[in-house]
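Asker: The structure's right below; bear with me while I get my questions together.
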Amino acid sequence: MDIITRTEELILLTVWRLRDNAYGITIRKHLKDAAGLDYSIGGIYVPLDRLVRKGLLTSYQGNPTPQRGGMSKRFYKLTPDGIDALERIRTLNTIMWDNLPEPSF
Amino acid sequence: MKKTVKPGKDEHIHGTPEMARRWLARMFPPYYFQAIAGDFEEEFQARLRSESRYKTIIWYFGQLLLALPMILHHFIYWSAAMIANYLKIAIRHFQKHKGYSLLNVLGLAIGMACFMLIALYVHHEYSYDQFWEKSERLYRVVRVEHEKEGIEKSASSQVPLGPELQSAFPEVAAATRFWNVSRAIVGYNGQYFREANFYFSDPATFSMFDFHWLAGNPEKALETPNSIVLTAATARKYFGNESALGQVLSYDGWVGGGKREFLVTGIIADLAENTHLDFDFLASLQGISTEATNWGSSKPIWTYILLQEKASAAQLEEKLPILVEKYLKSEHPKFLQLEPINQINLYSSYKGGFKTHNNIHNLYIFSGIGFLVLLLACINFMNLSIARSLKRGKEVGMRKVLGAARSQLIKQFLGEAFLMTLLALCLAILLANISLPLFNELSGKSLQIFALGKAAPAVVLALTALLVGIIAGSYPAFYLSAYRPVDVLKGKLPGDARHGNRRISLRLSPSILRKGLIIFQFSVSVMLMIATMVIFRQMDFVRGKELGITQEEVVVLPYSPAAEAFMSKISQHPKVSTASVSQRVPVNNLNWDSGPVSRPDDDLRIDIEGFLIDEHFLDTYQIELIAGRNFSPEISADNEAFILNETALKALGWQSPEEALGQPINASGWGKPGRIVGVVRDFHIGSFHEGIRPQMFHTFRQYTYWRTFISVRLKPGDISGTLAFLEKTWREYTPAGVYEYFFIDESLERLHRADIRLGKIFASFALIAIIIACLGLLGVASYSAEQRTREIGVRKVLGASVSGLIFLLSREFLFLTVSAFLIAAPFSYAMMNAWLQDFAYRIELPLDVFLLSGLIAFTVCLGAVVLQALKAALANPIDALRNE
């Protein structure tokens, strides 16, 4: 499997962190607060959708709530593959960082 | 599913802009709508708490814009997925119903190919003389005369007309004449040929018509006397690969007073096929003084003018009566008119001119057939598509249940129709290419499929295919997509969809539509059949008509200076019956001379056409003398004698031949006054569209120069031996001559060729139309039988006989054919009656033709349907009933 991109990594981590409350708005908000990534309301679904298709995320529909005008939320959850991918990139990072020489300027 | 996502009106949403919400619903796929609309709503409400409503709304729209890339991404991804799915289903359907699909595509392809060929032909005919640089300003001068017995329209003009037009009217920038020398003898290096397309012309020709020059100077080419310009093919004929420029050709013909020599000063490329101009030689008229001031008689001269840039033809035409008044005064009204050169091919009704031209009516007929054939093919396609698509009710139901919107289904079915049409289009191009040589032979053209150059034809073809796709695919698409999934899935026959969705109720149920289409198809086929048969009957009639002249077995040879000795020699041959010398031969009257004739006791002047003959002519052609006597060499008064036909007699005002015999007439155009010595029965030589015109004969005497042809009537048997004898003998007496012979009836055939051609083309396309209609019927019949398999099974089990079943299945279709016939008959009656009016000699509309074509349609239909019915009726009922 390919190495996931930095953005994908950030999104996956966000979903992981948000646990049962990972849906469009919360994901957007966390990405903005933590990483400064500014997605539009619609735009966030593009990478989310891609990750679902890659099998790293699954989505499920929540119940409609009145403050959403009767609309339900779409929640996202990591799949085992998603966790794998994250761990792999973490290992990769560790290997890449390990025993680096002093920077010479 | 889509409906549930629309936020209901009763839900209270404070102020998300309604419009934006609707956009949202439209933009996002249903799958995402819930999530995204919810997000929008939630965030909107949150913002409203901290910011002004105005700002929030702006933010909202901004977010909508930002979402665009995602929407696009989505749209493309899912469309591609759906298209892939549609394609897969379409291909599976094609494979599953190979027979139907092939029938469908093939029928459409044939129709399209016909349409293409006809479009090509029509385009070609319309392109005539459009390509000259100055074609908008070029006109042919023609003459209309209102004579007692009708209107005479002719393109032939007088020698001085061209120059006079140019000097008298400032509007005329240039004028030129083409003076036809039929049967000139042209020679080079001891080789001689008779040339029919030899013309004398003015130097202005080359400033008016931009021919493609291969050699020589267009401005100077005809300036000097005795110069000549050849077409490339002619130059090759005489000089082979040598350079023709500067060579000298010998000439012998009546224009220019006998023998001359011409210096070749120019070679032009062969004339385009789409010009009515037709010549091989253009010799200079400079220094040819023949009848330069003779306004008295018209000659085979076609006069053309080029107008000044700003001049108007209509205004010039109004001034032309001045010229008529001055030079062409006659008792009956006479007009000169200007005919735009690019309209000659299609609209000209004037006698004479370069080529026999086409007729706009023929073009209308052809276009009509082209459209009809295409329409029939479309109907076929539609019929079969409907029949087939009804079986797909379950698929449609399933798709709807799984969330397909109606628009998607419409797209799917239209798309499938396009796919089929595209396939048909490719096949049609192939078919058209293959059948083009055949079509060319039939139409006498040399068309090429993409000869039109440019992208235009490709665009036209693509548009046609698109249109056909829309027409053919629309009904199934709109009809099927309107099913209510519940009904379809419950197994309700989609046929009675009227009980289906009330919101989209289509009043045309497929079975009624299908019946209507079949009736239409068959009426058109029957009409075409009737038309074809009537055309052929008329052709037969024309060929078998009592002509008053017997053209069979007359062979025509060129004149020999030793004609008398030659003729006495050949008349001893057992297979030669008679022989005669004449100025022209009665093949057609296009190039006959004509001149005014009048009675001394009357002011009435009639243009009578005719030529010079000898005393054997009437015998040779078996023209019946009904009063008076033939010319005779013994009677010296025959110098001033005329033999008239009945029409000429009546035109001059005599009631009976006896009255006219011995009467004097003035024939100034014919040289001198004379007396009527004989009257012949009217005989027929022209096209049968025209009636008989006044004609007369004069005898040679001092006009020996005009002796041009020897006509020999042969006795039946050993034609080739007799021909060989004639040639040998002729050569003996005429060592330096050019021997050529032709049979009169062959030339006659050529004259009627346009009509014969029309008949053949018509027949071919009618046949194709009928085949297409039958293909469609076959498909629909077999579908209908298939649909009733179970019913037939049950009936068989209950003891129905095979013949009873066949009757059951055929009844409906036979009813359709009968109604089709009843519709077609009156239409074709009116149509063919109108067509026949165009002939001066015509048949009565034969009623048996109607019955016959009705019978044929009925039989064909019966054949197709019964075949299918038989198949269904003979099948083992167990096979039919075992399912389910």
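The values are calculated or read from the model by the stated rules, or taken from the named source; none is laboratory data. As the structure is a computational prediction, the values presented were derived from the model and not from experiment. Please note: Cβ atoms are built from the backbone with ideal geometry, for glycine as well, and neighbour counts cover all protein chains shown. When the accessible area is computed, the model is the full protein with side chains, heavy atoms only, and any ligands, DNA or RNA have been set aside. Shrake-Rupley method; radii C 1.70, N 1.55, O 1.52, S 1.80 Å.
Asker: Calculate, in nm to one decimal, what A:Arg6 and A:Arg90 gain on full extension: separation in residues at 0.36 nm each, minus their alpha carbon distance.
Answerer: Numbers: separation 84, 0.36 × 84 = 30.24 nm, distance 1.13 nm.
Stretched out fully, the A:Arg6 to A:Arg90 stretch lengthens by 29.1 nm.
Asker: Let me ask something else about it. Whole-Å semi-axes of segment B:758-846's equivalent ellipsoid, largest first, each the root of 5 times a Cα gyration tensor eigenvalue?
Answerer: 41, 15, 9
Asker: Based on the Cα gyration tensor of chain A, what are the three equivalent ellipsoid semi-axes, each the root of five times an eigenvalue, rounded to whole Å and given largest first?
Answerer: Equivalent ellipsoid semi-axes, largest first: 31, 16, 11 Å.
Asker: With the dipole of the protein assembly as shown worked out from charges on the C-beta (+1 for Lys and Arg, -1 for Asp and Glu) around the Cα centre, which of B:Ser598, B:Phe335, B:Gly107 lies farthest toward the positive end?
Answerer: B:Gly107
Asker: So for the protein assembly as shown, what percent of the C-alpha to C-alpha distances run longer than 53 Å? Please report the intermediate quantities before stating the final value.
Answerer: Numbers: 222601 of 488566 pairs.
Cα-Cα pairs of the protein assembly as shown separated by over 53 Å account for 46 percent.
Asker: Stick to Cα atoms and the Kirkwood definition of Rh, then tell me Rg/Rh for segment B:807-884.
Answerer: 1.27
Asker: Starting from the Kirkwood radius over alpha-carbon pairs of segment B:135-347, derive D by Stokes-Einstein at 10 °C in a medium of 1.306 mPa s and give it in µm² s⁻¹. Spell out each step's value before the answer.
Answerer: Working: Rh = 18.0 Å.
D, rounded to a whole number, is 88 µm²/s.
Asker: Go ahead and collect, in residue order, the members of segment A:51-75 whose backbone nitrogen is under 13 Å from a label point 7 Å along the Cα-Cβ direction of B:Ala81.
Answerer: A:51-55
Asker: Mind checking the full-extension length gain between B:Asn876 and B:Tyr705? Use 0.36 nm per residue of separation minus the Cα-Cα distance, one decimal, nm.
Answerer: So the chain would gain 52.7 nm between B:Asn876 and B:Tyr705.
Asker: Which distance in nm do the two modelled labels at B:Val802 and B:Ser207 give, with both placed 7 Å along the Cα-to-Cβ direction?
Answerer: Output for this residue pair reads 8.6 nm.
Asker: If one takes the accessible area of chain A alone plus chain B alone and subtracts that of the pair, with a 1.4 Å probe, what total in Å², rounded to the nearest 100, results?
Answerer: Looking at A and B, the buried total is near 2100 Å².
Asker: Could you list the GluC sites (Glu not before Pro) in segment B:619-669 that lie in coil according to DSSP, counting only those with at most 15 other Cβ atoms within 10 Å of their Cβ?
Answerer: Passing both the DSSP loop test and the Cβ count: B:Glu624, B:Glu634.
Asker: Let me ask something additional. Would you list, by chain and number, the aspartates and glutamates whose Cα falls below 17 Å from the Cα of B:Lys259, excluding same-chain residues fewer than 8 positions away?
Answerer: B:Glu195
Asker: Assign one of three labels to chain B, namely rounded, prolate or oblate, based on the Cα gyration tensor with a ≥ b ≥ c the square roots of its eigenvalues; rounded applies when a/c is under 1.5, prolate when it is not and a/b is larger than b/c, and oblate otherwise. Don't skip to the end; give the middle numbers.
Answerer: Values: a/c = 2.91, a/b = 1.95, b/c = 1.49.
Prolate, because a/c is 1.5 or more and a/b exceeds b/c.
Asker: Mind checking the dipole of segment B:238-317: about its Cα centre, +1 per Lys or Arg Cβ, -1 per Asp or Glu Cβ, Debye to the nearest 20?
Answerer: Dipole magnitude for segment B:238-317 comes out near 300 debye.
Asker: How big, in percent, is the set of alpha carbon pairs in segment B:567-628 lying more than 14 Å apart?
Answerer: 69 percent
Asker: A follow-up question, please. Hey, which of these cross-link pairs are over 21 Å Cα-Cα: B:Lys299/B:Lys351; A:Lys29/A:Lys77; B:Lys299/B:Lys334; B:Lys329/B:Lys650; B:Lys153/B:Lys334; B:Lys220/B:Lys351?
Answerer: Over 21 Å apart, Cα to Cα: B:Lys329/B:Lys650; B:Lys220/B:Lys351.
Asker: Could I ask something else about it? Rolling a 1.4 angstrom probe over the protein heavy atoms, how many square angstrom per residue are accessible across segment B:243-379?
Answerer: Accessible area per residue: 42 Å².
Asker: In debye to the nearest 20, how big a dipole does segment A:6-97 give about its Cα centre with +1 on each Lys and Arg Cβ and -1 on each Asp and Glu Cβ?
Answerer: The calculation lands at about 200 debye.
Asker: Label B:Leu263 and B:Trp59 with points 7 Å out from Cα along Cα→Cβ: what is the distance between them in nm?
Answerer: Roughly 9.8 nm, to one decimal.
Asker: Oh, and also: Tell me, what is the FRET efficiency for B:Ser349 and B:Asp540 to the nearest 0.05, using R0 = 30 angstrom and their Cβ-Cβ distance as r?
Answerer: 0.70
Asker: Right, something else. Leaving out ligands, DNA and RNA, and with a 1.4 Å probe, what % of the accessible surface on chain B is carbon or sulfur?
Answerer: On the way: 24150 of 40610 Å².
About 59 percent, which is the carbon plus sulfur part of the accessible surface.
Asker: Considering the dipole of segment B:554-748 built from charges on the beta carbon (Lys and Arg +1, Asp and Glu -1) around the Cα centre, which of B:Phe611, B:Phe743, B:His698 is farthest to its positive end?
Answerer: So the residue furthest toward the plus end is B:Phe743.
Asker: Fully extended, how many nm does the chain gain between B:His73 and B:Glu395 (0.36 nm per residue separation, minus their Cα-Cα distance)?
Answerer: So the chain would gain 113.1 nm between B:His73 and B:Glu395.
Asker: Charges only on Cβ, +1 for Lys and Arg, -1 for Asp and Glu: so what's the dipole of the protein assembly as shown about the Cα centre, in debye to the nearest 20?
Answerer: The calculated dipole for the protein assembly as shown is roughly 6700 debye.
Asker: Filter the DSSP H helices in chain B by two things, a Kyte-Doolittle mean of at least 1.6 and an axial alpha-carbon span of 15 angstrom or more, and list the hits by number.
Answerer: The qualifying helices are B:456-480, B:847-874.
Asker: Where a ≥ b ≥ c are the square roots of the eigenvalues of the C-alpha gyration tensor, would you call segment B:520-673 rounded, which needs a/c under 1.5, or, failing that, prolate if a/b is larger than b/c, or oblate?
Answerer: Oblate shape, in that a/c is at least 1.5 and b/c is the bigger or equal ratio.
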